[in-house]
Structure formats: C-alpha cells, structure tokens
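Read through the structure below, which is laid out as structure tokens, and then see the notes.
The values are calculated or read from the model by the stated rules, or taken from the named source; none is laboratory data. Keep in mind that this is a model prediction, so the values were computed, not measured. Using ideal geometry, Cβ is built from the backbone for each residue, glycine included, and neighbour counts are taken over all protein chains shown.
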Amino acid sequence: MASSILWQPATNPTIKRTDVLALPAVLTHAQAGPCLQQLSAAIADSPQQVVVQAQALQEFDSSALAVLLELRRVCLPLGKQLHIEAAPAQLMHLAALYGVRALLENGDHASAARAEPAPV
C-alpha cells in the first residue's frame, strides 16, 4: 500500500515560507521505506521551515519514530528546521520510552502530549 503524502504551503501566519508534509494514517514497518523516501524528497525541495503534520497518524509502531528521526537528520545538514505538529500522545510516549522525545519535541504536540497521560 502506498503512503499518502500531502505537500502544500502552510497556512500558519507565524511560520514564514513553510511546506506541510502529512504523515499517513498507518505508518508501520511496511510503510516506513516508501513514506521516508517521499518525505525526504519533499524536504530536499522545501524552504527552511518544514512542518510534518501527524494528525492523521492512527496506527504506528517504532518505525514511525525512525521515519521522523531520519527526516530530522535530513533537515540538519541542509540548515532546515523540522517541526512536528499534532503528534499523537501515544507516539510521544513511545519516543520517551526510546529516549528520543527531546529530539522530536516542538510546538503544539509537546503540550498536547503532556496534557494526556500515557496509558499504563
């Protein structure tokens, strides 16, 4: 199944010249490779501010973290900033368990993830 990646100009007036990349609803090991390939290509052609919209993400495993961390790695040498918006609390909980949450935290998802307690 191919990933559905949206790429459009951001409408957030506080971020200048931004593209929005959207994660698919399902991002597990099976989808990680194609998803990463599409998003990485989009980052190469994007302006300095790159926003990844994670709101649609419903079914995921640690591969979703791997994709986001690799996107961050792609942005760094290009001098681009990666912002993750609307990340599910479960994803951020998983990031905390793996010790990489601080690498992914920024913007609205950080406060949203802290607002919802992680399931036990």
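For the range 41-61, the candidate set comprises residues that are crowded, with 16+ Cβ neighbours inside 10 Å and polar (S, T, N, Q); within that set, the residue that is modelled with the highest pLDDT is Gln53. Within the range 32-51, residues that are in contact (Cβ under 8 Å) with a residue 40 or more places away in the chain have Cβ atoms under 9 Å from residues that are β-branched (Val, Ile, Thr) in these pairs: Val51/Ile15; Val51/Thr18; Val51/Val20; Val51/Ile84, counting only partners at least 6 apart in sequence or on another chain.
All but one of (1) at pLDDT 90 or above; (2) surrounded by fewer than 16 Cβ atoms within 10 Å (Cβ to Cβ); (3) on the phi > 0 side of the Ramachandran plot hold for Ala86; which doesn't? Here Ala86 meets the rest and fails (2).
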